[in-house]
Amino acid sequence: MSKIDFTSPREAARAFTPKLTAFVEEPLYSKVWPDDDLSPKERSIATIAALIAGGHTEELPAHLRRAIQNGATKRELSGLITHLAFYTGFPSAITASAIANATLGGLEAMHEGH
């Protein structure tokens, strides 16, 4: 079995389940994400929480990067993961923390050059 590239989870699924990918594109990304009931940042935080709670760590790097693009900070994501430890368990939070560090770098990187 070859390693799955989750850089784009949608693309990882496209070859085997094109209809599933189509559902992600329409309505998820075309109607749900743009809906103004939640900001993109809030949606990213909710998505990351759901991925951590469900143990779906393969998709975390892509969604962590998207959260940063949507205005979340490393400090907020660190706080989210720490908070989730009490609701999803410490092992899932430790795993999410390691993935966040590998994907985004540590919090100390925020203070370099200041």
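For a straight C-alpha distance cut-off of 15 angstrom, the aspartates and glutamates reachable from Lys74 (same-chain residues fewer than eight places away being disregarded) are Glu42, Glu108, Glu112.
What size of dipole, in debye to the nearest 20, comes out for the chain about its Cα centre when the only charges are +1 on Lys and Arg C-beta atoms and -1 on Asp and Glu C-beta atoms? Kindly include the intermediate steps, with their values, before the conclusion.
On the way: 11 positive and 13 negative charges, 35 e Å.
In debye, rounded to 20, the chain gives about 160.
How much accessible area per residue does the chain have, in Å², with a 1.4 Å probe? Walk me through the intermediate numbers first.
On the way: 7460 Å² over 114 residues.
Roughly 65 Å² per residue, with all protein chains present.
FRET efficiency for the pair His83 and Ser8, taken as 1/(1 + (r/R0)^6) with r the Cβ-Cβ distance and R0 = 22 Å, rounds to 0.20.
Nearest 500 deg cm²/dmol is fine: what mean residue ellipticity at 222 nm does the chain get from its DSSP H runs of n ≥ 4 alone, each adding -39,500 (n - 2.57), divided by its residue count? Before the final figure, lay out each step's value.
Details: 6 runs with 67 residues, N = 114.
Taken over the chain, the calculation gives -18000 deg cm²/dmol.
Relative to the dominant Cα principal axis of the chain, helix 60-69 is inclined by about 80°. Measuring r between the beta carbons of Lys31 and Glu108 and using R0 = 41 Å, the FRET efficiency lands at 0.55.
Per residue, the Cα convex hull of the chain amounts to 122 Å³.
Taking Cβ atoms as reference points and 13 Å as the exclusive limit, the residues near Ile68 contribute a net charge of +4, counting Lys and Arg as +1 and Asp and Glu as -1. Of all lysines in the structure, those lying under 24 Å Cα to Cα from Lys19, and not within fewer than 8 positions of it along the same chain, are Lys3, Lys31.
The values are calculated or read from the model by the stated rules, or taken from the named source; none is laboratory data. Predicted model only: the values in this text are computed from it and were never measured. FYI the Cβ positions are ideal-geometry reconstructions off the backbone, even for glycines, and counts take in every protein chain you see. For accessibility, only protein heavy atoms count, side chains too; no ligands or nucleic acids. Shrake-Rupley method; radii C 1.70, N 1.55, O 1.52, S 1.80 Å.
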